[in-house]
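Novice: What follows is a single structure, and I will ask about it in a moment.
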Amino acid sequence: MMQNDILKASMLTISPHNRAILEFFFAGAGKNLFRITPAHEAETFIIDYDHPGAHEEWERIHLSQSQPCIIISIRDIDLPNSIWVAKPLTTKALADAAQRVQLLLQNHNKKMVVPASAAASSSASTLKPVGTPIPSTRDFAQPALDPVLTPKVSSIPASAPQSFLSEDISVTTLRTPFEAAPKTNTNPSSTRNPKLLLVRDTVTPMVEPTSNRDSVKQQQRWSLLCGTLPDTTPENLQRDRHIFDANQYLLGSLMEATQQAKKTGQVFQVFITRQHYILLLPQPNYAFSSLDIHGAEFADLCTYPITSNQVHIHIPTAVEQAQLDAYVQQHPTHLYDLDACLWTTTLLTSGGRLHQLYDPNKTYRLKHWPNLTRMESIPHVMSIAALWTQQAATPFDIAKQLGIPQRYVFAFHSASSYLLLLHQEQAAPTSNSITEPKKNRGLFSRLLKRLLGGGAK
Amino acid sequence: MSVTNKKIIFTGPVGSGKTTAINAISDIRTVTTDALASDMTQSRKPQTTVAMDYGLITLEGDERIHLYGTPGQERFDFMWNILIKGGIGLILLLDNTRTDPFQDLKFYTHAFREFIEQQQMVVGITRMDLQRRPGIAEYHQWLEQLGLNAPVFEIDARNRKDVITLIQALLYSLDPGVSVDE
């Protein structure tokens, strides 16, 4: 740490879950780094940017206060005078954030006390008068501004992999005391041979990320698509909030419009906000979205329940359709395969939950694989698809057999259901156990590793 | 130490992208036996594979995965039975711009039926950017009619990621429990 002062922090808009995690951290590993104070005493404000109302809260703070903010979010947030900490929260990331806030404060104070002559003598350290807006963290990171501080305040996210960060603090993913730890190894109560049990601590990507930064972003995206919910039991699905009702979300309206569009062959324009819309083009099976479906705004629209009358469905006239066609041709990057658009929308809505029509008394079988070259990838998607094609099973069985967190299977189940790729069966689950290694499993593993970026060449 | 040699077979009609797909993932420059097309093939491409394509993926311990592309022309089908020996699976590439992709699907799945039933098949549809119909759902229906179930993906044979996805799907179909962590 640059200084030994304990940072006075105030928690503003934060979900109960993340508040509990932070309180747990502040009471233990972080007690020498942070002290929770009322807002008027705070040196920094902590805001959960994924929580409703957080954006407005940050705006208010930014306009009225000079203290930096710590923004926690699953998405990469780049806001002035703010430090982004990626979820899931880790001790290392929070400790790093404390350090970076101290640097921001120190730098800010330095600017306020430096003599005007000194400021004028160096163009590299040009300082704005007190009272001018505080520059963003990236401004602070400019090498010319303060070469001593620069290496410490970089644009690397606070949650960056260990290799990015100094080695003095270990990385621990933070959970509340009541939150179940992720499965790391065999279930002691399992009667299966532990040597044969498949446990996936790491995720096999469909394609290799090109850098650690990409890898962090990919993990965050997966957190958004598949959530972070712990495993549950069939009896506790409702209690643990592992079920979502599509009708409360944009997904419900979009699916309804898609069904109509496909049935009639007609172009449908679904207004998802006042400005933005999705154009459903059933004949070539495309969807044009005026919002990037991989962007934060679209994710928010899918993640939070919609208000009544938020979504409007419109059938364009011939004249409008010609204008829209011309617009679509000018913006080809926003043209998506229709199924891929629905797939992403469902995943974002599901967040690792099952849909309301899921029947725990039935088994399911995957009729057809999703078109995975054109759809957004989620962890273990290949093994889930392969196993579910070969046997009728519940999502719980699939997760158990593959030894993976249920949220990935639940997300896959939801997305495949809305693309009508899953078939419901009355039959009892079949037991083509995959725990018995098949012939050539070792060779296949080495080939996979090789194709995904490892192994010999 | 014995060297493991396994094969993955790429098949499909003329111009469906077999040579390109092998080239996208092979460690070596693809060995190909192209000749000037002298028959109907000429209308689709000036040069075509008359014997086979060959590519290679080398793994740790000198294990080798041989990638064989069958000649697209039906008159070379006598070679297919020779090529599939020792094969772990079939990648069938179909060109969506051809006159009758269903006939192509029928022809190749019939020709390799025994091999598909013993091993696995993954279908890659090329040139869907030029011709959207038939769609993936129609290929699913056709496979069902033929009593088959296989992953079907839209691919660009020049795109390494797409070709890797085909191979991944093949390996997971053969063994859903496979993992890079083994």
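Novice: Distance between Cα centroids, segment B:118-134 to segment A:253-313: provide it in whole Å.
Specialist: Each part reduced to its Cα centre gives a spacing of 27 Å.
Novice: Could you go through segment A:71-81 in sequence order and give the Karplus-derived ³J(HN,Hα) for each residue, using 6.51 cos²θ - 1.76 cosθ + 1.60 with θ = phi - 60°, rounded to whole Hz, and x for Gly and Pro?
Specialist: Values per residue, Gly and Pro as x: 9, 9, 6, 7, 9, 5, 10, 10, 10, x, 6 Hz.
Novice: Work out from phi, with θ = phi - 60° and the Karplus expression 6.51 cos²θ - 1.76 cosθ + 1.60, the ³J(HN,Hα) of each residue of segment B:93-107, listed in order in whole Hz, and give x for Gly and Pro.
Specialist: In residue order, the calculated couplings are 9, 10, 8, 6, 8, 6, 4, 9, x, 4, 5, 4, 4, 4, 4 Hz.
Novice: Take peptides A:415-426, A:312-323 and line them up by average Cβ neighbours within 10 Å, highest first, as a rough protection proxy. It would help to have the intermediate numbers written out before the result.
Specialist: Working: A:415-426: 18.1, A:312-323: 12.4.
Answer by packing, highest mean first, reads A:415-426, A:312-323.
Novice: With respect to the cross-link table entries A:Lys217/A:Lys400; A:Lys262/B:Lys106; A:Lys449/B:Lys7; A:Lys262/A:Lys362; B:Lys6/B:Lys161; B:Lys85/B:Lys106, which display a Cα-Cα separation exceeding 20 Å? Spell out each step's value before the answer.
Specialist: On the way: A:Lys217/A:Lys400 27 Å; A:Lys262/B:Lys106 27 Å; A:Lys449/B:Lys7 17 Å; A:Lys262/A:Lys362 28 Å; B:Lys6/B:Lys161 22 Å; B:Lys85/B:Lys106 22 Å.
Cα-Cα > 20 Å for A:Lys217/A:Lys400; A:Lys262/B:Lys106; A:Lys262/A:Lys362; B:Lys6/B:Lys161; B:Lys85/B:Lys106; rest within.
Novice: Follow-up question, since we're still on this one. Can you grab the distance from the C-alpha centre of segment A:54-78 to the C-alpha centre of segment A:337-401, Å, no decimals?
Specialist: One Cα centre to the other: 36 Å.
Novice: Enumerate the amide H contacts of A:Tyr249 below 5 Å, restricted to partners 5 or more residues apart or on another chain; note that Pro and chain-start residues carry no placed amide H.
Specialist: A:Ile306
Novice: Please list 3J(HN,Hα) in residue order for segment B:153-159, calculated via the Karplus relation 6.51 cos²θ - 1.76 cosθ + 1.60 where θ = phi - 60°; whole Hz, with x for glycine and proline.
Specialist: 10, 6, 9, 10, 4, 7, 8
Novice: Suppose each label sits 7 Å from its Cα in the direction of the beta carbon; what would the B:Leu130-A:His331 distance come out to in nanometres?
Specialist: Each label point lies 7 Å from its Cα, and together they span 3.0 nm.
Novice: Scan around B:Gly89 for amide H atoms under 5 Å from its own, H built in the peptide plane at 1.01 Å from N, and keep only partners 5 or more places away or cross-chain.
Specialist: Close amide H contacts, sequence-distant or interchain: B:Ile9.
Novice: OK, next. Name the residues whose placed amide hydrogens come within less than 5 Å of the amide hydrogen of A:Met11, ignoring near sequence neighbours (fewer than 5 apart) on the same chain.
Specialist: A:Thr37, A:Ile46
Novice: Under the definition of partner shielding as Cβ atoms of other protein chains within 10 Å of a residue Cβ, what is the mean value for peptide B:123-133?
Specialist: If you average over the peptide's residues, the count of other-chain Cβ atoms is 2.
Novice: Write down the Å³ per residue value for the convex hull defined by the alpha carbon atoms of segment A:304-443.
Specialist: Given the Cα convex hull of segment A:304-443, per-residue volume reads 156 Å³.
Novice: Inside 10 Å of the C-beta atoms of B:57-65, what's the mean count of C-beta atoms belonging to other chains? Could the numbers behind the result be given before it?
Specialist: Details: counts 7, 4, 10, 7, 3, 1, 7, 0, 6.
Partner-chain Cβ atoms within 10 Å, mean over residues of B:57-65: 5.
Readers should treat all values here as calculations from the given coordinates under stated rules, not as data from a laboratory. For clarity, every value in this text was computed on a predicted model and none was experimentally measured. Reconstructed Cβ throughout: ideal geometry from the backbone, glycine too, with neighbour counts over all protein chains shown.
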